[in-house]
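Engineer: Shown below is the structure under consideration.
Any read-out appearing in this document is the output of simple, stated calculations on the displayed coordinates, not a laboratory observation. Just so you know, these numbers come straight off a predicted model, no measurement behind them. With ideal geometry, Cβ positions are generated from the backbone for all residues, glycine too; neighbour counts draw on all protein chains shown.
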Amino acid sequence: MEDYKNIMIFGEMDGEGLSSVTAQLMRIGKRLSEELSQELSLVFLGEEALKGTEAGYGYGADKVYMGADPLLQNYMTDACLQAMEQIVGELKPSIVLFGQNDMGLDLAPRLAFRLKTGVTLDCVDLKLDSEKGLLEQVKPVFGGKAHGHFCNTEGRPQIASVREGAFDPAEYDASLKKEVIAFDLSLDPSGVRTRFVKKEKDESMELALKLASANVVVCGGRGLKKKEGMDLIKETADLLGGAIAGTRPAVDNGWVPSSLQVGLTGKKVNPQVYIAVGISGALQHMAGCSKSKLIVAINSDESAPIFKLSHVGVIGDYKGVLESFNEEVKRIKQEG
Ligand SMILES: Cc1cc2nc3c(=O)[nH]c(=O)nc-3n(C[C@H](O)[C@H](O)[C@H](O)COP(=O)(O)OP(=O)(O)OC[C@H]3O[C@@H](n4cnc5c(N)ncnc54)[C@H](O)[C@@H]3O)c2cc1C
């Protein structure tokens, strides 16, 4: 275990910049690296991501690595897993952090299994335990009613995936750009059991990506009563530069795709502002949004449980409330 040292972040790009969750991981990674006096490295896979990866230095990385191989050109689990196994096996970091998203959820548990170590998914906080300096991984449990604190006492590295929005993004300093270090990989094609066929644009996935990193989320529930209610939700979200979402009944009724469901069995979001429209506040729903900085509830029933779980409550029919709100936002925007 003593051989394992330093903090590694699995990096993801969004266009030519770091994805929002990677920039957030850099903040906590930097803090851990300072507290442990260890290096912080950032790893990217695939040549396609090469553009702009040196920006990782600007977010505070001591080293930025690039693992390139033809098999990594398009995301395939087996290829990325082999690559991470080789990189982690050689660099031996003590801590490896992933974003809690499709890629992180695909790779982190598999990597932990291959390396015979543990993993904690969906962390909302990370710190060092005062006794042994282990990574204390904090995640919501029992449907968000409590927080569990976990330490990996035996395996190395300590692997965790971190929920989008759990940390603010690290500050960026463009002057810190340096050269990305190429990592020599030797991937075995026979170990890659899938074949890349084609890329297709999926609108619901695009909306889901937007939801994951949005500062403002406007979520509609059964109280909307019909699909057209989502048009108003969308208008509000667009005016605020935010994303739309739905509760399970909104998904079951076909008002939003299932990729936009928030809750225990859906997405977990932590935006600055969460506007819950026509939502009762069931625990299974709140498990996906209770970490939002500000929860605003709009509900016609003054005894709705959500009013006990929100910071701001508006009692009234959602249609009238949102229409007036949207008009007011438009007026303010027009006035500049
Ligand atoms: C194992 C399990 C997992 C689950 N996972 C999830 C999950 O991931 N996500 C999820 O959302 N749910 C989940 N559920 C379902 C959950 O328990 C609730 O049933 C669901 O969240 C309720 O959704 P809702 O608030 O939209 O509807 P309701 O509970 O029916 O609430 C509708 C609200 O709208 C209000 N309303 C009505 N008319 C108006 C109006 N005109 N203007 C304003 N307000 C109005 C009502 O007063 C009411 O409070 C799960 C359930 C189980 C058992």
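Engineer: How large is the helix-only mean residue ellipticity at 222 nm for the chain, computed as the sum of -39500 (n - 2.57) over DSSP H runs with n ≥ 4, divided by its residue count, in deg cm²/dmol to the nearest 500?
Structural biologist: -9000 deg cm²/dmol, from helical runs alone.
Engineer: Just to be sure I understand: of the beta bridges DSSP finds with both ends in the chain, what percent are antiparallel, rounded to 5?
Structural biologist: 20
Engineer: Further question on the same structure: If you line up the Cα atoms of the stretch 7-191 on their principal axes, what length do they span on each, largest first, in Å?
Structural biologist: Projected onto the principal axes, the Cα atoms of the stretch 7-191 cover 43, 42, 29 Å.
Engineer: I've got another one for you. Which FRET efficiency value, to the nearest 0.05, is calculated for Val197 and Glu85 with the Förster distance at 35 angstrom and r the Cβ-Cβ distance?
Structural biologist: 0.90
Engineer: Stretch Glu35-Ser324 to full length: gain in nm at 0.36 nm per residue minus the Cα-Cα span?
Structural biologist: Fully extending the segment from Glu35 to Ser324 adds 99.1 nm.
Engineer: Starting from the Cα of Lys139, draw a straight line to each of the aspartates and glutamates and keep only those under 19 Å, dropping any in the same chain fewer than 8 residues away.
Structural biologist: The qualifying aspartates and glutamates are Asp102, Asp106, Asp122, Asp125, Asp129, Glu164, Asp168.
Engineer: About its Cα centre, how strong a charge dipole does the stretch 203-334 have in debye, to the nearest 20, once Lys and Arg get +1 and Asp and Glu get -1 at the Cβ?
Structural biologist: It works out to roughly 360 debye.
Engineer: Something else about it: Can you tell me the relative contact order of the chain? Whole percent, Cα pairs under 8 Å, sequence separation 6 or more. Don't jump to the answer; show the numbers that get you there.
Structural biologist: Working: 712 pairs, mean separation 49.0, N = 336.
Computed value for the chain: 15 percent relative contact order.
Engineer: Once the piece of chain linking Asn215 and Val312 is laid out straight, how much longer is it, given 0.36 nm per residue of separation minus the C-alpha distance between them?
Structural biologist: The span from Asn215 to Val312 would gain 33.2 nm if fully extended.
Engineer: Just how large is the dipole of the stretch 1-127 about the Cα centre, in debye to the nearest 20, putting +1 at every Lys and Arg Cβ and -1 at every Asp and Glu Cβ?
Structural biologist: Computed charge dipole of the stretch 1-127: roughly 340 debye.
Engineer: Once the Cβ-Cβ distance between Thr77 and Lys333 is put in as r, and R0 is 51 Å, what FRET efficiency do you end up with, to the nearest 0.05?
Structural biologist: Values: r = 44 Å, r/R0 = 0.87.
Here the calculated transfer efficiency is 0.70.
Engineer: List the aspartates and glutamates whose alpha-carbon lies under 12 Å from that of Lys225, not counting same-chain residues fewer than 8 positions away?
Structural biologist: Asp317
Engineer: Ok, one more. Once the Cα atoms of helix 318-334 and of the chain are each reduced to a long axis, what angle between those two axes, in degrees from 0 to 90 to the nearest 10, is obtained?
Structural biologist: 70
Engineer: Below 8 Å, C-alpha to C-alpha, sequence gap of six or more: please give me the relative contact order for the stretch 23-118 in percent.
Structural biologist: Relative contact order for the stretch 23-118 comes out at 24 percent.
Engineer: For the stretch 203-334, how big is Rg over Rh, using alpha carbon atoms and the Kirkwood form of Rh?
Structural biologist: My calculation of the ratio gives 0.93.
Engineer: Among all the lysines, which ones have a C-alpha under 27 Å from Lys198's C-alpha, if same-chain residues fewer than 8 places away are not counted?
Structural biologist: Lys51, Lys210, Lys267
Engineer: In debye, nearest 20: dipole of the chain around its Cα centre with unit charges on the Cβ of K, R (+) and D, E (-)?
Structural biologist: On the way: 39 positive and 47 negative charges, 178 e Å.
Once rounded to the nearest 20, the dipole reads 860 debye.
Engineer: Given 0.36 nm per residue, what is the gain on full extension from Tyr172 to Ser303 after removing their alpha carbon distance, in nm?
Structural biologist: 42.6 nm
Engineer: Continuing with the same structure: With r defined as the distance between the Cβ atoms of Ser130 and Leu105 and R0 fixed at 35 Å, what FRET efficiency is calculated, to the nearest 0.05?
Structural biologist: Once the sixth-power term is evaluated, E becomes 0.70.
Engineer: P(r) of the chain in 20 Å steps, Cα pairs, percent per bin?
Structural biologist: 30, 53, 18, 0
Engineer: Kindly flag which residue pairs out of Lys227/Lys330; Lys63/Lys132; Lys201/Lys268; Lys201/Lys308 have an alpha-carbon separation exceeding 32 Å in this structure.
Structural biologist: Beyond 32 Å between Cα atoms: Lys201/Lys308.
Engineer: As I understand it, the dipole of the stretch 203-334 uses +1 on the Cβ of Lys and Arg and -1 on the Cβ of Asp and Glu, about the Cα centre. Which of Ser290, Ile315, Ser303 lies farthest toward its positive end?
Structural biologist: Result: Ser290.
Engineer: Going by average Cβ density within 10 Å per residue, which order do the peptides 283-292, 169-178, 235-244 take, highest to lowest?
Structural biologist: Top of the packing list down: 283-292, 235-244, 169-178.
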